[in-house]
Amino acid sequence: MLNYIWAGLIIISVVFALWQDGEDFQNDRYRNGEALSVQIEDLPPGYEGLEDPEPINVSVKISPADYISFFEPAEDMDLVTRGIKSAQVWAEAKAFFAKPIPAKLMTTNRGRELQLTVPDALPTPLDVIYEATKNDNDLLPTYLDGWVLTDGEPGRATASITFGHTSFVKVKQVSATMFEQAGSAVTFSIGLMGVIALWMGLMKIAEDAGLIAVFVKLVRPILGPLFPQIPKDHPALGLIAVNLAANMLALGNAATPLGIKAMESLQELNQEKDTATDSMVMLLAMNTASVQLLPPVTLIAIMGLAAADLFLPIFLVTLVSLGVAITAAKLLGKMRMFKKTDPMRPNNPNAQKGGAA
Amino acid sequence: MEEIRIYQSYISAVVIPLIVIAIPLYGMFKRVPVYESFVEGAKEGFKVGVMIIPYLVAIFVAINMFRASGAMVAMEDFLRPALTMIGFPPEVLPMAIIRPLTGGGSAGVVADLAQQHGMDSIITRMAGTMFGSTETTFYILAVYFGAVNVKKTRHALPAGLIADVIAIFLSVYIVQWWFG
């Protein structure tokens with residue numbers, strides 16, 4: 001089951017990303033290779049637009065209307081499918097392009113480049129283009145298609161620019177995430193180790209000091225009625241009590257071997273060795289829904305002191321769920337389909353020798 | 001109610017320091033070599049720390065790929081109306097699905113939510129409470145019954161899962177009510 005969920009997550013991620021990229025491609029969402037007209041201002045005096053030996057600082061004005069009509073799909077399909085969300089995006093664009101954007105004008109091996117500084121959140125879909133194409137200095141590179149100095153207004157020019165080629169954005173993001181998260185899982189676990197070691201050291205002291213025995217006294221009296229098939233003097237009851245006590249203290253590593261011992265002891269009483277008895281089912285149910293006085297180590301390691309806030313909610317939840325587990329085990333055991341497979345039923349034809357009569 | 005909350009905040013503040021001094025004290029009282037016991041336990045802790053790495057890698061990668069592809073948002077949006085009706089935040093849904101299947105994996109989910117939403121967020125608290133209050137039912141079933149070669153488990157799985165489902169829903173409601 002887990003196999004399907006895990007593989008499903010990965011497969012769906014890649015397929016979903018491909019599908020979205022395909023849609024972006026079909027709608028030409030990022031307008032690859034198309035030119036957007038902009039105003040360049042603050043050119044140095046006497047600038048004639050020849051080769052630039054040094055990058056020069058300018059400011060760029062993009063009219064919100066141009067930007068909107070540039071990215072807005074011809075058939076308006078985007079606006080319809082994205083509804084209000086899209087209207088909001090365009091409103092953001094209007095606010096964003098109200099101010100001129102500082103930029104650097106330079107010549108690179110790709111030709112004339114106008115690199116825009118990105119002050120804060122960009123409007124969609126320019127933010128996606130930025131994430132996909134930004135350079136090492138976190139500037140947004142754009143390429144000058146053609147440009148004309150404005151007559152009579154020194155320091156100004158009209159230009160058309162194209163953005164860097166943007167495609168397979170989601171798929172690239174998904175693969176980048178894959179590597180990034182594999183690394184971060186290891187860093188994360190190494191960060192946890194100290195706290196896990198601290199807590200498990202403390203719990204080992206508790207175990208060695210016999211703290212479990214203290215809780216056995218609490219658990220013992222309620223066990224008789226829950227396990228009616230176990231004779232009063234049988235050691236199984238004691239083992240179950242120790243297992244549940246260890247569970248209450250979240251001593252998982254101690255609880256599991258104790259639980260297995262309890263199971264082996266219950267197996268001695270079992271008349272049909274490959275089938276679970278009511279007592280075994282009850283032990284299992286109580287283990288999966290044990291009352292927790294202390295949360296498990298891993299939770300403390302992950303959440304640190306924040307885990308302290310959860311002691312009480314966890315205790316309350318487990319108190320109820322233990323009740324539910326016990327009731328469910330008892331009631332389901334009374335159902336016909338489970339009752340007729342009870343290994344302890346009278347005159348069980350499959351009863352094996354060696355089981356207690 | 002408000003008084004209980006204040007009281008609880010006092011308990012939260014002292015519970016961990018209290019455990020940290022009470023256990024060695026009790027150990028010394030019982031003549032346990034506390035230092036040696038501690039070190040022995042801490043060694044185990046490192047094993048646990050290393051043991052969970054593969055689980056965390058598997059879960060971190062799968063869940064975050066799912067998130068990066070945009071499928072997570074799409075799924076949450078799709079399920080939101082139904083889940084909101086029962087007061088269940090869609091963000092903790094992965095936890096509810098994964099919890100009975102894998103202990104290490106669900107620890108990964110809590111850690112992931114803590115990174116995404118912050119340690120003190122209601123989402124992380126819900127996931128943490130789920131983690132603390134339910135067990136890896138399938139694992140326990142496999143280990144306990146496997147150890148004694150029992151193959152017909154009868155009503156063990158349904159009983160365990162019923163308790164898990166109740167605990168998962170209660171975690172959401174109790175955390176919501178408690179931290180309001």
Test: residue in segment A:225-245 that is more than 7 Å from every other protein chain (Cβ to nearest Cβ), over 30 Å from A:Asn350 (Cα atoms) and modelled with pLDDT under 85: no
Mind checking whether some residue in segment B:141-150 is more than 25 Å from A:Met280 (Cβ to Cβ) and of a type in the set (Phe, Trp, Tyr)? no
Considering only segment B:68-105, state which residues are surrounded by fewer than 21 Cβ atoms within 10 Å (Cβ to Cβ), within 14 Å of chain A (Cβ to nearest Cβ), more than 18 Å from B:Glu135 (Cβ to Cβ) and not hydrophobic (A, V, I, L, M, F, W, C). B:Gly70, B:Glu76, B:Asp77
Of all helices (runs of 4 or more DSSP H) fully inside segment B:3-112, the set with 1 or more residues that are in contact with a Phe, Trp or Tyr (Cβ under 8 Å, 6 or more places away or on another chain), touching a residue at least 24 places away in the same chain (Cβ under 8 Å) and in the same structural domain as B:Ala142 (by TED's automatic domain parsing) is B:53-68, B:93-98
Quick check: is even one residue across segment B:136-155 under 20 Å from A:Ala308 (Cβ atoms), buried (at least 18 other Cβ atoms within 10 Å of the Cβ) and in the same structural domain as B:Ala74 (by TED's automatic domain parsing)? no
Any residue in segment A:320-332 that is more than 8 Å from chain B (Cβ to nearest Cβ), open to solvent by 10 Å² or more (accessible area, probe 1.4 Å), basic (Lys, Arg) and free of Cβ contacts under 8 Å to residues at least 24 places away in the same chain? no
Scanning segment A:266-284 for residues that are out of contact with any Ser or Thr (no Cβ under 9 Å at 6 or more places or on another chain) and modelled with pLDDT of 90 or more gives A:Thr277, A:Asp278, A:Ser279, A:Met282, A:Leu283
Given the options A:Gly252, A:Gly304, name the one that is open to solvent by 30 Å² or more (accessible area, probe 1.4 Å), within 10 Å of another protein chain (Cβ to nearest Cβ) and at pLDDT below 90. A:Gly252
When every residue in segment B:38-67 that is among the small types (Gly, Ala, Ser) and under 30 Å from B:Ile21 (Cβ atoms) is compared, the one surrounded by the fewest Cβ atoms within 10 Å (Cβ to Cβ) is B:Ala42
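The values are calculated or read from the model by the stated rules, or taken from the named source; none is laboratory data. As the structure is a prediction and not an experimental result, all values here were calculated from the model. Every residue, glycine among them, receives a Cβ derived from its backbone with ideal geometry; neighbour counts consider all protein chains shown. The protein model used for the area step is the full one, side chains on, heavy atoms only, and it has no ligands, DNA or RNA in it. Shrake-Rupley method; radii C 1.70, N 1.55, O 1.52, S 1.80 Å.
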